[in-house]
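Colleague: Have a look at this one before I ask anything.
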Protein chains: 2
Amino acid sequence: MKIAIGQINPTIGDFEGNFDKIHKTIEKAKAAKAELCVFPELVITGYPPRDLLVKESFVKNAEYSNQQIIAHTHDIGVIFGSITRNTHESGRPLCNSAIFCYNGKSQIFNKTLLPFYDVFDEERYFEACDKVSTLTFHNTTFGISICEDLWFQTHLFTKKVYHKNPIDFFKTQKINCLININASPFSTTKFAQRKETVGQTARTLGVPIVYANLIGGNDELIFDGRSCVINPHGDIISLAKTCEEDLLYYDTEKNYVPLAISDNKNELILKALELGLSDYVKKCGFQKVLVGLSGGIDSALTVYLAQKALGANNVIAVMMPSRYSSKGSVTDSQKLARNLGITLKNFSIERLLSGYLDLFTDEFNGLAVDSTEENLQARIRSNILMALSNKYGYLLLSTGNKSELSVGYATLYGDMSGGISVLGDVFKTKVYELAHYINRNEEIIPHEIIEKAPSAELRANQKDIDSLPSYDILDRILKRYIEEGINSDEIIQQEKIDINIVKEIIEKVDRNEYKRRQASLSLRISEKAFGIGRRIPIAYKR
Amino acid sequence: MKIAIGQINPTIGDFEGNFDKIHKTIEKAKAAKAELCVFPELVITGYPPRDLLVKESFVKNAEYSNQQIIAHTHDIGVIFGSITRNTHESGRPLCNSAIFCYNGKSQIFNKTLLPFYDVFDEERYFEACDKVSTLTFHNTTFGISICEDLWFQTHLFTKKVYHKNPIDFFKTQKINCLININASPFSTTKFAQRKETVGQTARTLGVPIVYANLIGGNDELIFDGRSCVINPHGDIISLAKTCEEDLLYYDTEKNYVPLAISDNKNELILKALELGLSDYVKKCGFQKVLVGLSGGIDSALTVYLAQKALGANNVIAVMMPSRYSSKGSVTDSQKLARNLGITLKNFSIERLLSGYLDLFTDEFNGLAVDSTEENLQARIRSNILMALSNKYGYLLLSTGNKSELSVGYATLYGDMSGGISVLGDVFKTKVYELAHYINRNEEIIPHEIIEKAPSAELRANQKDIDSLPSYDILDRILKRYIEEGINSDEIIQQEKIDINIVKEIIEKVDRNEYKRRQASLSLRISEKAFGIGRRIPIAYKR
């Protein structure tokens, strides 16, 4: 049987647009003589629809789309992800379903394992399947599963957090192939985990697995696609594109050789961030973005990614020097803008800064100069950028990285301003790595920007290292604490870092929860990003 | 049997402080010859601990506190809420438990119904009880239940969202009394719902119910206390204080007459907001707060509540007039500050506004003046307030109301700035009602402030009504759409409001999700507030 995998990019709530994409893909697959076309999880609604699922009109629209798809499956079987009503007397109102349809008839398969951790809230909306079943179509018997259904043994918990493994049922059935439809969010380690987990399931069942995944960005989540087919030995034998729509075919009658897949992590992160940024901008209805260029590496990488994602014509950079800006900051920004072919505007904040300082002359008389005066500069810059954003309808990008956001080395309503933070889940050391990677063939990001000592340039001769340990040490602590959930004692022991440094950094992370609560979305590339997947109170005893 | 209810205010994560409060309460109850002392849900950890529950050190601290309490129960039985480990082979790592202890021995009762909607995420952490049981102590048999366990028939869903009702088990047992420990967040309608639901359960079981609730504010949630005892007819026969710590006694051998309880809704909202504000400020480690006074009613009510919650010495008001400020705005603010006995600072934004306009003279040459210039004023004010906040360590309060926040009639990084929004869940019409109530005996909020036509004063002769329908109409639409989840067609039909107005307002609500994502916390007083209980994507097709 020839099976097609429709790896498409739906927009949440765009029922007409999503139907259109699905319909066109079905027609293509049919033209290519596919007998079955498989689409990802919740492809009708987009993922994650979150509390839109509580709206009756949203559910009705999805049901209408389901019927539309079912009505359009002549001479080709289709499996697609959508929501359906829970028809049992009790339980959550909806199910997360895989719908099989053929010649106007349909059969529903519901998700058994509903993820509840990190960014997932599926038990908020969905009732779990209580009876797993198989599908027989054209003399082939399929197991039908949805994403988490293969992740009974999740590495995230020491305990078995689910009570039953739907794969156990398939072991007892004579299935020829397992279908797994997904909305599996990208992280730098996710593909390796998928290969491991899906491969293990294929070996356990002794059948090939057809793995269909979404692509696209939805708020902070990025879906990287890479739908694939895995043979019964657990090898990937067919692989769809990364971060692009694709239509992949697999013929159960043909022989395939295992693919040698070598990931370039930096390439992958850049692709994912470009997709996440581009989709956020477009799905929010913007065309152009605005980036404040400080002369530092974070804003340089942000503007590079914006240019790649949206094109040079759609990126406007703004430099806003002050008395503390080094000469290099201006010339480096100009060089960067030239290299990228983007517009660069220039507004000095000097007079405004003087204006604020004058206003406070009496009020702050006799008080020491402190972070107040530094924050003022960042906030003046935010005002300038937001004025341009308001006047022209450009989306402002926030340029902070994960290291800064972790320890609160950023100004709320200042450099934290913006609709989306491109690097908010990228540690500073990784920012450098990506910049070097980008420059591997030619200098795109001026080497002066990469080589200068990191500085906020908010007071004379300021360096990040005055307030923070070196980024190498800082990021090791942060990765352990935030991403791996390891406590200070273990970090001190494992990383051999001075106890006072570790304690001080952790104290900063905990104290700055309030800033992150008002931060823009950060595109998620790690297993633990700030945002919807990390829910910490603000008012609590540390 | 004499039963005590310890209605206390724990701080999340303050294991020592919470233990201390519990221990002192037990000693008091023992001195009053109580045989059993009942504490609210999760009183050891504070509620809601959210993802702190994922930290092993947090869980270990809670376990240590549990043991401490158990060790301190000599000659008095104690029931308290805490977390325990799920000892079954599979399932979520923790349970939400009621622990009974007496003379160093203990028994654990786990929560059966785990709320998953609105602000609740209990299935993210807790395994549900799979076997309900009773407690026999001093010849009395108790049913033990935790909060949601009584809410099997929740009015929020048309469907039965839970599969089994733990109360059904108690029907089959000969219990003498039902204990229900709670962390039940305040809303204006919650007490009536509780009376109804708990009363119904008492009638069903034919036994009295001892209902113990938390008090205190934790981030956006407010717990109003009002622990009570309900007789088998469903009447409240004993009631603890509102929004204050209390120790309530109930003697099962004595006769009680039903209490006539008449709630004053305005009084109740003011008390709840004061508690929520005071606890947020103190639990975050602040003493003083800062409020920008515009001369309008929202900032007036905010500063009034701050003065009530924290005392006049801890509130600093700031007025920041511009060319568009009416003369009244200044004199009314002065009168208000005098009435409240608070410090009022004054900074004109005129020169700074001119500075920004000068900066953009060339850039915006030939372009129409629009909301850009209005937002600039709001953002200059935010900068001034944040500079004072940074310099003095005062917490800035945000003054916007729910009507504004709903339709985005507020400036991001401008008047939306602040650590917490006191009125972010209070519609404008309710703001007026509260102001009138506050002035019922004497003029505290100057009548000029209440009577003037609402205006942002960001351009000449601006009135809110230029951009919005009257607040009476606006709030009717918003209440239906946001709090009741009703769609535009039904609103038009039910409220008899012009279709274009309804559509325009709903479009504004949906479009402004991005502003609310970066808004400060809003104290929650309704059944559907912005914040953790309402999770809407930003990038989606409306």
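Colleague: I need every pair where a residue in the stretch A:93-109 that is assigned by TED's automatic domain parsing to the domain that holds residue A:56 and at negative phi has its Cβ under 8 Å from the Cβ of a residue that is of a type in the set (Phe, Trp, Tyr) and assigned to a loop (DSSP other than H, G, I, E, B), sequence separation at least 6 or different chains.
Modeller: Once the first residue is assigned by TED's automatic domain parsing to the domain that holds residue A:56 and at negative phi and sits in the stretch A:93-109, its partners that are of a type in the set (Phe, Trp, Tyr) and assigned to a loop (DSSP other than H, G, I, E, B) give A:93/A:125; A:93/B:157; A:94/A:125; A:96/A:125.
Colleague: Go through the stretch B:259-305 and report how many residues are in a loop (DSSP other than H, G, I, E, B), in contact with a Gly (Cβ under 9 Å, 6 or more places away or on another chain) and at pLDDT 95 or above.
Modeller: Going through the stretch B:259-305 one residue at a time, the tally reaches 4.
Colleague: Another one. Does the stretch A:90-102 contain at least one residue that is surrounded by fewer than 21 Cβ atoms within 10 Å (Cβ to Cβ), within 14 Å of chain B (Cβ to nearest Cβ) and not in a strand (DSSP E or B)?
Modeller: Yes; the residues of the stretch A:90-102 include at least one that is surrounded by fewer than 21 Cβ atoms within 10 Å (Cβ to Cβ), within 14 Å of chain B (Cβ to nearest Cβ) and not in a strand (DSSP E or B).
Colleague: Out of the residues in the stretch A:472-490 that are at pLDDT below 95 and in a helix (DSSP H, G or I), which is nearest to residue A:455 (Cα to Cα)?
Modeller: So, considering only residues that are at pLDDT below 95 and in a helix (DSSP H, G or I), the one nearest to residue A:455 (Cα to Cα) is A:488.
Colleague: Can you pull out every residue in the stretch A:441-454 that is touching a helix residue (DSSP H, G or I) at 6+ places or on another chain (Cβ under 8 Å) and modelled with pLDDT of 95 or more?
Modeller: Within the stretch A:441-454, the subset touching a helix residue (DSSP H, G or I) at 6+ places or on another chain (Cβ under 8 Å) is A:443-446, A:448-450, A:452-454.
A:443, A:444, A:445, A:446, A:448, A:449, A:450, listed by residue number.
Colleague: I'd like the full set of residues that are surrounded by fewer than 17 Cβ atoms within 10 Å (Cβ to Cβ) and among the hydroxyl-bearing types (Ser, Thr, Tyr), limited to the stretch B:481-521.
Modeller: The answer is none; no residue qualifies.
Colleague: Being surrounded by fewer than 20 Cβ atoms within 10 Å (Cβ to Cβ) and of a type in the set (S, T, N, Q) is the filter; apply it to the stretch A:37-66 and report the residue that is nearest to residue A:240 (Cα to Cα).
Modeller: Among them, the one singled out is A:61.
Colleague: Still on this structure: Those residues that are under 25 Å from residue B:95 (Cβ atoms) and either in contact (Cβ under 8 Å) with a residue 60 or more places away in the chain or more than 13 Å from chain A (Cβ to nearest Cβ) (or both), I need them from the stretch B:22-44; list them, please.
Modeller: Within the stretch B:22-44, B:22, B:23, B:25, B:26, B:36, B:37, B:38, B:39, B:40, B:41, B:42, B:43 meet the criteria.
Colleague: Give the stretch B:131-150 a look and list any residue that's at pLDDT below 95 and within 31 Å of the chain's Cα centre (by Cα), or say none.
Modeller: None; the set is empty.
Colleague: Further question: Evaluate the stretch B:80-89: report whether one residue or more is farther than 17 Å from residue B:179 by Cα, out of contact with any Cys (no Cβ under 8 Å at 6 or more places or on another chain), crowded, with 20+ Cβ neighbours inside 10 Å and at the interface with chain A (Cβ under 10 Å from one of its Cβ atoms).
Modeller: So far as the stretch B:80-89 goes, no, none of its residues is farther than 17 Å from residue B:179 by Cα, out of contact with any Cys (no Cβ under 8 Å at 6 or more places or on another chain), crowded, with 20+ Cβ neighbours inside 10 Å and at the interface with chain A (Cβ under 10 Å from one of its Cβ atoms).
Colleague: What single numbered condition from (1) closer than 19 Å to residue B:2 by Cβ; (2) touching a residue at least 24 places away in the same chain (Cβ under 8 Å) fails to hold for residue B:238?
Modeller: All conditions pass for residue B:238, except number (2).
Colleague: State yes or no: is residue A:457 buried (at least 19 other Cβ atoms within 10 Å of the Cβ), among the charged types (D, E, K, R), at pLDDT below 95 and more than 23 Å from residue B:218 (Cβ to Cβ)? Give the steps one after another, and end with the answer.
Modeller: On the way: buried (at least 19 other Cβ atoms within 10 Å of the Cβ): yes; among the charged types (D, E, K, R): yes; at pLDDT below 95: yes; more than 23 Å from residue B:218 (Cβ to Cβ): yes.
So residue A:457 fits the description; yes.
Colleague: All but one of (1) more than 14 Å from every other protein chain (Cβ to nearest Cβ); (2) hydroxyl-bearing (Ser, Thr, Tyr); (3) within 27 Å of the chain's Cα centre (by Cα) hold for residue A:106; which doesn't?
Modeller: In the conditions (1) more than 14 Å from every other protein chain (Cβ to nearest Cβ); (2) hydroxyl-bearing (Ser, Thr, Tyr); (3) within 27 Å of the chain's Cα centre (by Cα), residue A:106 misses (3) alone.
Colleague: Just to be sure before I move on: is residue A:107 assigned to a helix (DSSP H, G or I), at pLDDT 95 or above and not charged (D, E, K, R) in the structure I sent?
Modeller: For residue A:107, the condition - assigned to a helix (DSSP H, G or I), at pLDDT 95 or above and not charged (D, E, K, R) - is not met.
Colleague: Please work out if residue A:38 is at pLDDT 95 or above and either more than 30 Å from the chain's Cα centre (by Cα) or farther than 22 Å from residue B:536 by Cβ (or both).
Modeller: yes
Colleague: Any idea which of (1) away from chain A (no Cβ under 14 Å); (2) hydrophobic (A, V, I, L, M, F, W, C); (3) in a helix (DSSP H, G or I); (4) under 30 Å from residue B:184 (Cβ atoms) is the one residue B:525 doesn't satisfy?
Modeller: Checking residue B:525 against (1) away from chain A (no Cβ under 14 Å); (2) hydrophobic (A, V, I, L, M, F, W, C); (3) in a helix (DSSP H, G or I); (4) under 30 Å from residue B:184 (Cβ atoms), the one that fails is (3).
Colleague: Moving on. Being out of contact with any Ser or Thr (no Cβ under 8 Å at 6 or more places or on another chain) and on the phi > 0 side of the Ramachandran plot is the filter; apply it to the stretch B:128-165 and report the residue that is surrounded by the most Cβ atoms within 10 Å (Cβ to Cβ).
Modeller: Filtering the stretch B:128-165 for residues that are out of contact with any Ser or Thr (no Cβ under 8 Å at 6 or more places or on another chain) and on the phi > 0 side of the Ramachandran plot, the one surrounded by the most Cβ atoms within 10 Å (Cβ to Cβ) comes out as B:138.
Colleague: Show me the helices (runs of 4 or more DSSP H) entirely contained within the stretch B:322-420 in which 3 or more residues are facing another protein chain (nearest Cβ under 10 Å) and surrounded by fewer than 18 Cβ atoms within 10 Å (Cβ to Cβ).
Modeller: Values: elements: B:327-340, B:350-359, B:371-392, B:402-407.
Counting at least 3 such residues, we get B:350-359.
Colleague: Moving on. I need a count of the residues in the stretch B:129-185 that are touching a Phe, Trp or Tyr at 6+ places or on another chain (Cβ under 9 Å), free of Cβ contacts under 8 Å to residues at least 60 places away in the same chain and part of a strand (DSSP E or B).
Modeller: Residues that pass the stated criteria total 8.
Colleague: Tell me, please, whether a residue that is assigned by TED's automatic domain parsing to the domain that holds residue A:349, within 24 Å of residue A:380 (Cα to Cα) and in contact with a Leu (Cβ under 8 Å, 6 or more places away or on another chain) can be found in the stretch A:305-312. Please lay out each step first, then the result.
Modeller: Our first condition is that a residue be assigned by TED's automatic domain parsing to the domain that holds residue A:349; within the stretch A:305-312, this holds for A:305-312.
Next, only the ones that are within 24 Å of residue A:380 (Cα to Cα) stay: A:306.
Subset that is in contact with a Leu (Cβ under 8 Å, 6 or more places away or on another chain): A:306.
Yes: one or more hits.
Colleague: Taking the stretch B:45-68, which residues are within 12 Å of chain A (Cβ to nearest Cβ), hydroxyl-bearing (Ser, Thr, Tyr) and in a helix (DSSP H, G or I)?
Modeller: Within the stretch B:45-68, B:57 is the sole residue that qualifies.
Colleague: Then there's this: Name the pairs whose Cβ atoms lie under 6 Å apart, with the first residue in the stretch B:531-542 and at the interface with another protein chain (Cβ under 7 Å from one of its Cβ atoms), the second aromatic (Phe, Trp, Tyr), and 6 or more positions between them or separate chains?
Modeller: Matching pairs, first to second residue: B:538/B:514; B:539/A:280.
Colleague: Something else: Here are the criteria: (1) hydrophobic (A, V, I, L, M, F, W, C); (2) assigned to a helix (DSSP H, G or I); (3) more than 16 Å from residue B:136 (Cα to Cα). Tell me which single one residue B:212 does not satisfy.
Modeller: (2)
Colleague: Considering only the stretch A:521-537, I want to know if a residue exists there that is in contact with a helix residue (DSSP H, G or I) (Cβ under 8 Å, 6 or more places away or on another chain) and modelled with pLDDT under 95.
Modeller: The answer is no; no qualifying residue exists.
The values are calculated or read from the model by the stated rules, or taken from the named source; none is laboratory data. This one's a predicted model, so the numbers in the text were calculated from it and none came from an experiment. Because the Cβ atoms are built from the backbone with ideal geometry, glycine has one as well, and the counts that use them run over all protein chains shown.
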